[in-house]
Amino acid sequence: MSSLKMRILLLVFVVALAAGALLNGLSVGTGGPELQLPATVLVVSVIYCGILLWFGVQVSKYRDRERRQDARAMNPLTAARTVVWAQTAAYVGAMFSGWHVALIFYHLGLLSVRATWNPVWGAIIGVISGVLMLVVGIIVENMCKIPPGDSDDDGSGSLAPNTEQANRGLARRRPE
C-alpha cells in the first residue's frame with residue numbers, strides 16, 4: 001500500500017479551491033444558495049477524527065510486540081482498513097480545506113455590503129475541520145507504518161510462530 005503523497009494532497013486542495021470558487025460563483029450567480037457546509041461539520045469532524053485516532057492507537061499497539069495484547073480486537077485486516085481510512089480522511093480534509101478557503105475569499109469580497117461576519121466564520125470553521133481531518137489522517141497513517149526491518153518473520157520466509165501453531169492446530173482438526 002502506498003503512502004500519502006504531499007503533492008497529491010496539495011493538488012486536491014488546489015482543485016477543491018478552484019471548484020469551490022467556480023461552483024459557488026455559478027450557484028450564487030444563478031440565484032442559488034451559497035455552497036457552504038453548516039458549522040456542525042466541526043463537531044462531526046472532531047468525533048470522526050477522535051474515532052480515527054483511537055483506531056490508530058490500537059494499530060500502533062498491535063504493531064508493537066510488547067503491547068500487542070493491549071489491542072486484542074485488532075488484526076492485520078483491521079489495521080489495513082485503518083490505513084485506508086486515514087488516507088481517505090487526509091484527502092477529504094484537503095478537499096474541505098480548499099473548498100472553504102475559496103468560500104472565505106468569496107465572503108471577504110462581500111464584507112463591504114454585508115453587515116455580519118457569520119458567513120466568514122462559518123467558512124473558517126470549515127477550513128479548521130478540513131485541516132483537522134488532514135492532520136489526523138497523516139498522523140494515523142504514520143502510526144500504522146511498520147518500521148523497516150520489523151516484520152513477523154525472520155527473513156527466511158517462514159511463518160510467524162503463532163501462525164505455525166495455528167496451522168498445526170488446523171491440520172489436526174481436518175477430517176480425513
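The values are calculated or read from the model by the stated rules, or taken from the named source; none is laboratory data. Keep in mind it's a predicted model, so treat the numbers as computed, not measured. So basically every Cβ, Gly included, is an ideal-geometry build from the backbone, and we count neighbours across all protein chains shown. Heavy atoms of the whole protein, side chains included, go into the accessibility calculation; ligands, DNA and RNA do not. Shrake-Rupley method; radii C 1.70, N 1.55, O 1.52, S 1.80 Å.
Which pairs have Cβ atoms under 7 Å, sit 6 or more apart or on different chains, and link a residue in region 127-140 that is within 12 Å of Trp99 (Cβ to Cβ) and in contact (Cβ under 8 Å) with a residue 24 or more places away in the chain to one that is open to solvent by 10 Å² or more (accessible area, probe 1.4 Å) and part of a helix (DSSP H, G or I)?
Matching pairs, first to second residue: Val127/Val101; Val127/Ile104; Ser129/Val41; Ser129/Leu42; Ser129/Phe96; Gly130/Phe96.
Looking at region 99-122, which of its residues are open to solvent by 40 Å² or more (accessible area, probe 1.4 Å) and part of a helix (DSSP H, G or I)?
Answer for region 99-122, where residues must be open to solvent by 40 Å² or more (accessible area, probe 1.4 Å) and part of a helix (DSSP H, G or I): Trp99, Phe105, Tyr106, Leu108, Gly109, Asn118, Trp121.
Pull up region 23-50, narrow it to residues that are part of a helix (DSSP H, G or I) and of a type in the set (Val, Ile, Thr), then point me to the one that is nearest to Gly126 (Cα to Cα).
If we take residues in region 23-50 being part of a helix (DSSP H, G or I) and of a type in the set (Val, Ile, Thr), then Val41 is nearest to Gly126 (Cα to Cα).
Step by step: first the residues of region 137-158, then only those that are farther than 16 Å from Val12 by Cβ and open to solvent by less than 50 Å² (accessible area, probe 1.4 Å), then the one that is modelled with the lowest pLDDT. Which residue is that?
Ser158
Any chance you could count how many residues in region 51-79 are more than 10 Å from the chain's Cα centre (by Cα) and open to solvent by 40 Å² or more (accessible area, probe 1.4 Å)?
Qualifying residue count for the region: 19.
Quick test for you: out of Met6, Met1, pick the one residue that is at pLDDT below 90, out of contact with any Leu (no Cβ under 9 Å at 6 or more places or on another chain), under 15 Å from Glu141 (Cα atoms) and open to solvent by 60 Å² or more (accessible area, probe 1.4 Å). Don't jump to the end; show me each part of the working.
Numbers: Met6 fails: at pLDDT below 90.
Within the list Met6, Met1, the selection yields Met1.
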